[in-house]
1. What do you reckon, is Glu29 within 13 Å of the ligand (Cβ to nearest atom) and modelled with pLDDT of 90 or more?
2. Out of the residues in region 53-96 that are among the basic types (Lys, Arg) and farther than 20 Å from Phe32 by Cα, state the one that is modelled with the highest pLDDT.
3. Which one is modelled with the lowest pLDDT among residues in region 33-46 that are charged (D, E, K, R) and under 23 Å from Ser131 (Cα atoms)?
4. Just to be sure, is Ser17 of a type in the set (S, T, N, Q), within 16 Å of the ligand (Cβ to nearest atom) and modelled with pLDDT under 95?
5. Pull up region 77-104, narrow it to residues that are in contact with a strand residue (DSSP E or B) (Cβ under 9 Å, 6 or more places away or on another chain) and exposed (fewer than 15 other Cβ atoms within 10 Å of the Cβ), then point me to the one that is farthest from Gly19 (Cα to Cα).
6. Return yes or no: is Lys91 part of a helix (DSSP H, G or I) and in contact (Cβ under 8 Å) with a residue 60 or more places away in the chain?
7. Among the candidates Tyr144, Tyr130, which residue alone is under 25 Å from Gly19 (Cα atoms), assigned to a loop (DSSP other than H, G, I, E, B), away from the ligand (no atom under 14 Å from the Cβ) and at pLDDT 90 or above?
Amino acid sequence: MANTKAIATKDKKRKESKGTIKQVFADVEFGFLVNNRCKNYGVCKIEVIDSLMPSEGKDKSCKCKSCVAILSYQENGNSEIAFAKSGMKDKVRNKFFSENYFKVDANFSTIIAENKSEYKTLIKIKKGRYSISETLGFFIVKFY
Ligand SMILES: [Zn+2]
């Protein structure tokens, strides 16, 4: 009984301090804009998509490297991205996930509209290095 109570208290605290978590499927483009092209390291664009299926079919106008992912975020702009390994191109894996950290060379921000609704959240990813944790299916990066 005592344990249950302790856990309940902990969960409540966690909720209060961090707020609601929202999650969407996203297509994440790597790099940042240099002369109209995405280059180097970082995040260039995050687009909300309908499922975690690799977007092989849709041919993009630019040659940006990208990856499907699950984006988790909070109202305060904290975010975490779980990059899906299935369908991830070797080039992407080698360039962005072969080290222990994910490099972001330029500040990035974007507005995420959940389910195309009016609820919009500003996501900010600061320039820096973020450690990557690897699971069976994902490379997970916490940007806060
Ligand atoms: Zn791009």
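1. yes
2. Residue satisfying both the conditions and the ranking: Lys85.
3. The qualifying residue modelled with the lowest pLDDT is Lys39.
4. The answer is no for Ser17.
5. Lys89
6. When the stated conditions are applied, Lys91 does not pass them.
7. Of the residues listed, the single one that is under 25 Å from Gly19 (Cα atoms), assigned to a loop (DSSP other than H, G, I, E, B), away from the ligand (no atom under 14 Å from the Cβ) and at pLDDT 90 or above is Tyr144.
The values are calculated or read from the model by the stated rules, or taken from the named source; none is laboratory data. Since the model is a prediction, treat every value here as computed from it, not as a measurement. Glycine gets a Cβ as well: all are built from the backbone with ideal geometry, and neighbour counts include every protein chain shown.
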